[in-house]
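> Just passing along the structure, written as structure tokens.
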Amino acid sequence: MADVKKHDTPMVDELKSGPWPSFADDIEQAGLKGKQACLDLLGQLELSYKHKETHWKHGGIVGVFGYGGGVIGRYSDVPDKFPAIAHFHTVRVNQPASKFYTTAFLRKICDIWDHRGSGMTNLHGSTGDMVLLGTSTDQLEPIFYDLTHQVGADLGGSGSNLRTPSCCVGKARCEWACIDTQDICYNLTMTYQDELHRPAFPYKFKFKVSGCPNDCVAAIARSDCAIIGTWRDDIRIDQEAVKAYIGGELKPNAGAHSDRDWGPFDIQKEVIDLCPTKCMWMEDGELKINNRECTRCMHCINVMPEALRPGTDTGATILVGAKAPILDGAQLGTLAIPFIRMDKEDDYEEFKDFVDKIWDWWMEEGKNRERFGELIQRQSLQEFIRRAELKPIPQMVKEPRSNPYVFWREEEVEGGWQRDVKEFRARHAA
């Protein structure tokens with residue numbers, strides 16, 4: 001055993017007694033190999049369990065020269081008891097698109113972190129970054145130098161700025177990808193370097209890119225601006241493959257549920273009846289689809305991947321305002337643009353013009369620590385549509401309005417209409 005001090009941690013040790021892998025066990029193993037910070041971390045955790053309160057205090061402003069994000073400051077409020085974690089800052093490293101790594105790259109990252117940090121990592125954080133847990137203030141600049149000069153990596157986003165864009169595996173490995181997620185992710189990362197590294201927003205802002213409506217990065221639930229691949233022509237159908245599924249020659253779901261006998265495949269029960277808009281039916285032994293009613297849920301394609309494929313006229317759907325619970329609770333993204341071309345030939349100019357408009361509105365009107373979706377809730381969907389210069393469409397709402405009140409701007413009234421608002425309000429004051 002290396003020259004380290006293990007603390008008495010009976011409550012933390014209980015976490016190692018179950019049948020599943022335990023973070024406490026893993027951290028202890030790292031500590032016994034010579035990382036006192038890991039053992040001090042468990043010691044402080046034991047103290048937190050005992051006192052029923054955290055013993056971390058916010059680190060204030062720490063970082064590397066020229067960057068306002070990428071490092072999350074953290075200090076212990078009991079440094080005399082656990083000196084190895086008196087400073088325990090987190091470093092976020094910008095991940096490559098789709099998280100493709102070479103083993104040489106990962107080994108080098110681990111070497112750097114073993115040398116300059118606690119040796120603990122989190123792959124990956126919910127934003128997407130590689131998260132390096134636990135280092136001291138005096139090591140931040142050397143870490144940044146090593147990352148940029150030895151492995152060509154940069155810091156990710158943290159604080160009230162653009163967080164590191166992330167994407168699914170896209171066309172690299174997925175046959176359903178309708179857009180080049182990796183190129184979009186890389187392009188946005190390079191275009192918005194200033195917004196990523198130098199916080200200027202009311203709060204965090206996240207781009208997430210999914211190649212198809214399966215949305216494998218959960219962009220619709222976890223990003224302020226979701227870019228989700230879609231198509232606007234007809235689903236491609238191979239009728240012979242449909243018959244092969246019905247006849248049992250092909251396994252539904254690509255055999256994903258073949259661990260038990262579910263009985264013969266029933267296209268009516270397993271596909272047609274589960275269509276959310278009921279746009280599918282069988283006719284004369286062939287599968288028919290009313291594509292005008294299709295909502296791109298992907299269920300039929302997932303169940304019969306050899307028979308059905310997305311169309312060829314592809315682009316993306318843009319949704320905005322999703323977030324996890326903070327001030328006003330969790331919310332899913334609101335549809336902003338049903339279909340937009342994502343063409344690398346024009347550097348995604350149409351999409352970036354949209355982003356510039358909504359950022360201008362958010363930075364002008366957003367309150368401190370107010371997510372973009374919360375701004376829409378506070379100032380209304382109508383105001384978002386106006387400031388984003390979008391055309392209102394039925395797809396933006398769940399159902400028709402249930403109240404009779406319609407707000408008209410003066411310039412929208414046919415024939416014109418003017419009034420003195422101050423005089424009107426003065427006459428109607430209580």
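Only the coordinates and a few stated rules stand behind these numbers; no lab work does. It should be emphasised that the depicted structure is a prediction, and the values quoted were computed from it without experimental measurement. We place every Cβ from the backbone using ideal geometry, glycine too, and count neighbours over all the protein chains shown.
> If every alpha-carbon in the stretch 108-153 counts as one equal scatterer, what log10 I(q)/I(0) does Debye give at q = 0.14, 0.22 1/Å?
-0.30, -0.75
> Any idea which of 340, 379, 395 is furthest toward the positive side of the dipole for the stretch 273-430, if Lys and Arg beta-carbons carry +1 and Asp and Glu beta-carbons -1?
379
> Further, regarding this structure: Say each of residue 77 and residue 403 gets a label point 7 Å from the Cα, pointing the same way as Cα to Cβ; how far apart are those two points in nm?
Between residue 77 and residue 403, the label points sit 4.4 nm apart.
> Report, to two decimal places, the Cα Rg of the chain normalised by 2.2 N^0.38 Å (N = number of residues).
Relative to the 2.2 N^0.38 Å estimate, the chain comes out at 1.21.
> Also, quick follow-up: Take residue 353 and residue 284, extend 7 Å from each Cα along the Cα→Cβ direction, and tell me the distance between the two endpoints in nm.
Placing both labels 7 Å along Cα→Cβ, they lie 4.6 nm apart.
> I would also like to ask the following. Could you rank the peptides 61-74, 31-44, 385-398 by their average count of other C-beta atoms within 10 Å per residue, with the highest value first?
Averaged packing, sorted descending, gives the order 31-44, 61-74, 385-398.
> Measuring from a point 7 Å past the Cα of residue 198 along Cα-to-C-beta, which residues in the stretch 48-83 have an amide N at less than 18 Å?
Counting only backbone N, you get 62-71.
> To the nearest 20 debye, what charge dipole does the stretch 10-55 have about its Cα centre, counting +1 at the Cβ of each Lys and Arg and -1 at the Cβ of each Asp and Glu?
Computed charge dipole of the stretch 10-55: roughly 60 debye.
> Can you list the residues of the stretch 293-307 with backbone N under 20 Å from a point 7 Å past the Cα of residue 232, pointing along Cα to Cβ?
What the label zone holds, given the 20 Å backbone N cut-off, is 293-298.
> Moving on to the next point. Treating only the Cβ of Lys, Arg, Asp and Glu as charged (+1, +1, -1, -1), what charge dipole size does the chain show about its Cα centre? Round to the nearest 20 debye.
With only Lys, Arg, Asp and Glu charged at Cβ, the dipole is about 1020 debye.
> Calculate the dipole size of the stretch 236-309 relative to its Cα centre from +1 charges on Lys and Arg beta carbons and -1 charges on Asp and Glu beta carbons; express the result in debye to the nearest 20.
Result for the stretch 236-309 is approximately 340 debye, rounded to the nearest 20.
> Quick one: if the Förster radius is 35 Å, what FRET efficiency do residue 150 and residue 175 give, using the C-beta to C-beta distance and rounding to 0.05?
0.45
> A further question follows. May I ask for the Rg/Rh ratio of the stretch 10-55, computed from Cα atoms with Rh as the Kirkwood radius, given to two decimals?
Radius of gyration relative to Kirkwood radius: 0.98.
> What is the mean projected area of the alpha carbon convex hull for the stretch 236-309, to one decimal in square nanometres?
4.7
> Now for a separate question. Subtracting the Cα-Cα distance from 0.36 nm times the residue separation, let me have the gained length for residue 239 to residue 297 in nm, one decimal.
18.9 nm
> In the chain, with Lys and Arg counted as +1 and Asp and Glu as -1 at Cβ, which of these residues, 39, 118, 51, has the Cα nearest the positive end of the dipole, that is, farthest along it?
Of the candidates, 51 comes out farthest on the positive side.
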